[in-house]
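Notes for the one structure printed next.
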Amino acid sequence: MKRLQSLKAVLMGSALAMSLALPAAAQDKEFPWMDTSLSAAERADLVLAEMTAQEKMTLLFGHFGSPAPWLNARADVPGMNWTPPEEARNQSAGFVYGIERLGIPNQWLADAGLGVASQRGPNPFLRTALPSGVATAASWDRELSYKGGQMIGNEARLSGFNVLLAGAVNTNREPRAGRNFEYAGEDPLLAGVMVGEAIKGIQSNDIISTVKHFAHNFQETKRNSVNAKMADKAGRETELLAFELAIEIGDPGSVMCAYNRVNGDYSCESPYLLTEVLKEDWGYKGYVMSDWGATHSTVPAANAGLDQQSGFPFDRAPYFGQALVEAVENDHVSQARFDDMAHRVLWAMFDNGVFDNEIAAEPDEADIDFDAHADITRQAAEEGMVLLKNENGILPLTDEVKSILVVGGMADKGVISGGGASQVYSRSGDPANGMNYGMNSFPGPAVFYASSPVEQLKERLGAEITYMDGKDLKAAAKAAKEADVVLVFGTQWTGESVDFDLALDYDGDKLVQRMAKANKNTVVVLQTGAQVMMPWKDDVAGIVEAWYPGSEGGEAIARVLTGEVNPSGHLPMTFPKTLKQLPRPVIDSEPVGDAKWAQADYDIEGSAVGYRWFDKKGLEPLYPFGYGLSYTSFDYSNLTTDTADGVLSVSFTVTNTGEKPGADVPQIYVGPKAGGWDAPKRLAGWDKVTLAPGATQDVTVTVDDRILSTFDSGDKTWNRAAGDYTVYLSHSAMDVDEETSVTLDAKTLNVANQVVTSSAE
Ligand code: BGC
């Protein structure tokens, strides 16, 4: 590392000194690549032609942006004593040197998808935290996802970052995975669209976003070594499709490859993933950066398609430092490939305005409109909350209720957030600081946001509201008996690098059971990463899934519970009843056969992920994908289909038949009558419709042909089979309201999603 920095110093100090002395504006005029009438590719060509090998390498080598005391003790890198580059932002994820003589800006990297995150340390950025990724996905609201992305991109820019490590789209194949909260659920269409919109919003600030973690990064257990075994066809029809859609919609400047292996190769050394699928088949023009500690070599990684090593010294060596230059000199990595690596980074920087709209020299947080952003995160939390159960109209709470006992989840203090690299610290402070909630080492302890549901309820209701932490079960049960309504706050804290049971923290399931026994008017408010099991489901009157609701979460919860907001979220993943229902009842953690690493076999379910698996196996879930209630009711009618130009579109009418305004998420699923898919049906489209009582709206949904096709790995085509299909208009994957039939012609699309043959033509 020292060597790298000293090389840079030598370069900067000698021949380049003159150009460094020039003011930046004067230089700009002279740089032909600053001509904005040229394309990003032409501009990258021009600057690349001027670059030395050392300068190219500089763009390809990322530094960790934060001190890493834990690395000092690392046995495999003796004597490592890491200090981040001075120019890196405080407690940030990364930094890549620019090249001043050529006017190439520095790259300042921050996590990520839920807001501007900070690494652990004494002085984190205090920023707006969106609700978790699954919460946003549960809104099924494309515009809202864009708005959230736009907001965090704005805060990132005004905090001095021009690369945001956002766009987490790994699909929920493993409900116990500790990072599911960062992602967007189990369905490739929903996840790809929602994350694509968020990326587009982030990049609207003239900064780069990633999409990550490419690919098949489904569990945290043994995450640095586990092998994901997945056939090409199954991958293309599920997780890879989610990435493909997110890239088409969001056009992220960078793709972050993952920690895990895929079919034997490390993701960041996989020619299949990085070159064949991403760059050749999809024509991706941006650059691939590694996850922090996911680069394992120089030559195999560069030749497989990795363009930038990230976060050194997370890796064991500076593989893309001097070793890369030498590998090029010795022809182990071709000059063309080396140029391509640098060209991709430059292209993404030009394409996203990183050159043309540079980060302010001294970013000022006073420029952030925190009030407006509070409204955005609150709205996102509200729209993502899912009403799972509401018996006898127990919700919304009204002033008829005279006494409410609130128990558990630190609901008197705030709301919980997920742990790990995506951790955002809020301006309201952390009321759990020092309590060691969850875990006392990384990714814990859990951080809470000081947005108290209890306080917010008190502001809205006349009832007497009492809070108990629930540790004394007997006392809580006694108080529960005397209250009109009991609200139990159940948390399932999760975080990066660990997998979790589908149970509530601190014996929360037992607490709910006890409260439900004491008072039949018990409502459970869940704050969970993703799925939990609910052994008490039948004993309680109401259940609201609030996920990790972000920095205004307490207010959002209170507004939903009191009916100020009508819940409209729908589950973006299937909640199983038991672990036995899952394709892998036990998480794979032991080496198999001759392999030195654990292997998770995703060929068990293939494309039949989530609800598709439950459908195929005839299993009844606890709650199905797409499920969500409202304080009003919706009726569907006039279901019709159209196949003009060979494209399937589905039209129908939604009516609010209840007495309250509300928003609905009508869902279209499709399946071939003759079978031939891995599972009977797939989500093919949806809309989010807001309606006043009695109001009606016509909706048309156009169906992407890849959803109607199976992927042929032999000739790399998407094939839509001729025949009859059932089209379902549904409230969830398991609650079909109406169905109809449509006959589709055969159609073949190539791997770049272009129609090759269509019998309609
Ligand atoms: C995570 C990434 C994150 C990176 C930088 C890694 O541990 O897997 O998602 O962007 O750290 O903080």
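The values are calculated or read from the model by the stated rules, or taken from the named source; none is laboratory data. This one's a predicted model, so the numbers in the text were calculated from it and none came from an experiment. Virtual Cβ from ideal backbone geometry, glycine too; neighbours counted across all protein chains shown. Please note that ligands, DNA and RNA were not included when accessible areas were found on the heavy atoms of the full protein model with its side chains. Shrake-Rupley method; radii C 1.70, N 1.55, O 1.52, S 1.80 Å.
Would you be able to say whether some residue in the stretch 522-545 is of a type in the set (D, E, K, R), in a loop (DSSP other than H, G, I, E, B) and open to solvent by 10 Å² or more (accessible area, probe 1.4 Å)? I'd like the intermediate steps shown before the answer.
Step one: filter the stretch 522-545 for residues of a type in the set (D, E, K, R), giving 537-539, 545.
With the extra rule that they be in a loop (DSSP other than H, G, I, E, B), the set shrinks to none.
No, the conditions are met nowhere in the stretch 522-545.
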Of these, Glu182, Glu220, Glu237, which one is in contact with a Ser or Thr (Cβ under 6 Å, 6 or more places away or on another chain) and either open to solvent by 10 Å² or more (accessible area, probe 1.4 Å) or hydroxyl-bearing (Ser, Thr, Tyr) (or both)? Glu182
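Can you give me the number of residues within the stretch 640-663 that are part of a strand (DSSP E or B), within 11 Å of Asn566 (Cβ to Cβ) and not polar (S, T, N, Q)?
Count: 2.
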Ala366 passes all but one of (1) open to solvent by 30 Å² or more (accessible area, probe 1.4 Å); (2) within 24 Å of the chain's Cα centre (by Cα); (3) more than 16 Å from the ligand (Cβ to nearest atom); which number fails? (2)
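Determine whether Gln150 is open to solvent by 20 Å² or more (accessible area, probe 1.4 Å), out of contact with any Lys or Arg (no Cβ under 8 Å at 6 or more places or on another chain) and in a loop (DSSP other than H, G, I, E, B). Outline the logic, then answer.
Values: open to solvent by 20 Å² or more (accessible area, probe 1.4 Å): yes; out of contact with any Lys or Arg (no Cβ under 8 Å at 6 or more places or on another chain): yes; in a loop (DSSP other than H, G, I, E, B): no.
In short, no.
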Among (1) away from the ligand (no atom under 16 Å from the Cβ); (2) free of Cβ contacts under 8 Å to residues at least 24 places away in the same chain; (3) farther than 23 Å from Ile208 by Cβ, where does Trp70 come up short? (1)
For the stretch 175-191: of the residues being charged (D, E, K, R) and away from the ligand (no atom under 15 Å from the Cβ), which is farthest from Trp282 (Cα to Cα)? Arg176
Taking the stretch 192-211, which residues are within 16 Å of the ligand (Cβ to nearest atom) and not in a strand (DSSP E or B)? Val195, Ala198, Ile199, Ile202, Ile207
Every residue from the stretch 338-371 that is free of Cβ contacts under 8 Å to residues at least 40 places away in the same chain and either assigned to a helix (DSSP H, G or I) or in contact with a helix residue (DSSP H, G or I) (Cβ under 7 Å, 6 or more places away or on another chain) (or both): Asp340, Ala366, Asp371
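Quickly run through the stretch 485-510 and pick out the residues that are away from the ligand (no atom under 16 Å from the Cβ), of a type outside the set (Gly, Ala, Ser) and open to solvent by less than 20 Å² (accessible area, probe 1.4 Å). Outline the logic, then answer.
First, the residues of the stretch 485-510 that are away from the ligand (no atom under 16 Å from the Cβ): 485-493, 500-510.
This time we only want the ones that are of a type outside the set (Gly, Ala, Ser), so: 485-489, 491-493, 500-502, 504-507, 509-510.
The answer is Val485, Val486, Leu487, Val488, Phe489, Thr491, Gln492, Trp493, Leu502, Leu504.
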Here is a list: Arg316, Arg337. Which entry is within 22 Å of Trp70 (Cβ to Cβ) and open to solvent by 10 Å² or more (accessible area, probe 1.4 Å)? Arg316
Residues (buried (at least 20 other Cβ atoms within 10 Å of the Cβ) and either closer than 23 Å to Asp724 by Cα or over 31 Å from the mean Cα position of the chain (by Cα) (or both)) located in the stretch 642-671: Leu648, Val650, Phe652, Asn656, Pro666, Gln667, Ile668, Tyr669, Val670, Gly671
